[in-house]
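Here's the structure, in structure tokens; my notes come after.
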Amino acid sequence: MYLHLLQLGRVSYAEGLRLQDEIVAARKAGTIGDTLLLMEHSPVLTLGRNATRANIIASDELLSQKGVEIYETTRGGEVTYHGPGQLVGYPIFDLRGDLPNKRGAFLGPVDFVRLMEEALILTCKDFGVPTQRICKRTGVWTYAGGSVQEEKIAAIGIHVSQAITSHGFALNVTTDLRDFNWIVPCGIADRGVTSLELESPQDPPPTLAQASNSIAANFGRVFNRQVLASNSIDELLAAPAAEAVR
């Protein structure tokens, strides 16, 4: 079984959504197998299905001055920020396929999110950062110690249509965390955010390219897939039919 991979570099959020929609349509048609898109976005705020506009603290004037757009999305969750130095991943999987922990006709969305969290936890470990899940708080968090509270290092929010997943995760690598001051991240006001750059003992700190390669390998590991990289969207969509099996 393959996991197709396309690492896109920095693209606008609108372009990322367009490419995601194209791959989702191909996955629904069965012409391509499960796919992981990895990219970086210019600054943008996105609202999930449960989001409230009140969790955007910055004024419209400030956001306009900074060139920050706001998008309403179909993913679960609240408001979040995407920007330079953050690794954004869109896993496009068929939940009816051969997936770990599947107990019925398809893998439940929550179980899929738990597998994504596991891949992110392993990626943080690759850079010497111990992380964890927290009950009822989706995403990946650092450990608390002494007077230090846990902080979120990766946010997750997905959408499922006809058993096909879209949207996904955002891992802070070298993100300018001051930009999170524009919002109440994920609607959680009592915890902060952090990044691999701040938490990793690695010197020099991890780069976005290193984090991208690590998450691709760990998705393959967690989902028991051979990762098959493509150099372009056209190459990805032209993958042999034998690779598109569930």
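What the table shows:
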{"quantity": "Within the chain: Cβ-based charge dipole about Cα centre, in debye rounded to nearest 20 (Lys, Arg +1; Asp, Glu -1)", "calculated": "800"}
{"quantity": "Estimated D of segment 117-164 in µm² per second, where Rh is the Kirkwood radius over Cα pairs and Stokes-Einstein applies at 25 °C, 0.890 mPa s", "calculated": "207"}
{"quantity": "Pairwise centroid distance, computed over Cα atoms, of segment 56-89 with segment 154-231, Å", "calculated": "15"}
{"quantity": "Extension gain, residue 110 back to residue 163 (0.36 nm per residue minus Cα-Cα distance, nm)", "calculated": "17.8 nm"}
{"quantity": "Size of charge dipole - segment 1-99 - debye, nearest 20, with Cβ of Lys, Arg +1 and Asp, Glu -1, no other charges", "calculated": "120"}
{"quantity": "Theoretical gain in end-to-end length, residue 71 to residue 58 [0.36 nm per residue, Cα-Cα removed]", "calculated": "3.2 nm"}
{"quantity": "Distance (nanometres) between label positions extended 7 Å along Cα→Cβ at residue 224 and residue 237", "calculated": "3.2"}
{"quantity": "Solvent exposure of the chain as accessible area per residue, Å², 1.4 Å probe", "calculated": "44"}
{"quantity": "Sum of side-chain charges, residue 109 neighbourhood, beta-carbon under 14 Å (Lys, Arg +1; Asp, Glu -1)", "calculated": "+3"}
{"quantity": "Chain lengthening between residue 102 and residue 181 when straightened (0.36 nm per residue, less Cα-Cα)", "calculated": "24.6 nm"}
{"quantity": "Of all accessible heavy-atom area on segment 156-204, the percent that carbon and sulfur account for (1.4 Å)", "calculated": "46"}
{"quantity": "Angstrom value of the Kirkwood radius, inverse mean 1/r, which spans all Cα pairs in segment 82-149", "calculated": "14.0"}
{"quantity": "Accessible-area composition of segment 21-149, carbon plus sulfur, in percent [1.4 Å probe]", "calculated": "51"}
{"quantity": "Relative contact order, percent, the chain [alpha-carbon distance under 8 Å, six or more residues apart]", "calculated": "28"}
{"quantity": "Per-selection Kirkwood Rh - segment 151-231 (Cα, Å, 1 d.p.)", "calculated": "14.8"}
{"quantity": "Helix-only mean residue ellipticity at 222 nm for the chain, each DSSP H run of n ≥ 4 adding -39500 (n - 2.57), per residue, nearest 500", "calculated": "-8000 deg cm²/dmol"}
{"quantity": "Among the listed pairs 28/152; 66/125; 66/152; 28/66, those beyond 26 Å (Cα-Cα)", "calculated": "28/152; 66/125; 28/66"}
{"quantity": "Compactness of segment 74-195, expressed as Rg and Dmax over alpha-carbon positions, Å", "calculated": "14.7, 46"}
{"quantity": "Residue 3 long-range amide H proximity, modeled H, under 5 Å", "calculated": "226, 227, 228"}
{"quantity": "Distribution of pairwise C-alpha distances over the chain, 10 Å bins, in %", "calculated": "7, 33, 38, 19, 3, 0"}
{"quantity": "Segment 19-135: radius of gyration over Cα atoms, expressed as a fraction of 2.2 N^0.38 Å", "calculated": "1.25"}
{"quantity": "Given charges at Cβ of Lys, Arg, Asp, Glu: segment 94-161 dipole, positive-most of 121, 153, 105", "calculated": "105"}
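The values are calculated or read from the model by the stated rules, or taken from the named source; none is laboratory data. None of the values given here were measured: they were computed from a predicted structure. Glycine gets a Cβ as well: all are built from the backbone with ideal geometry, and neighbour counts include every protein chain shown. All accessible areas refer to the heavy atoms of the entire protein, side chains included, with ligands and DNA or RNA removed. Shrake-Rupley method; radii C 1.70, N 1.55, O 1.52, S 1.80 Å.
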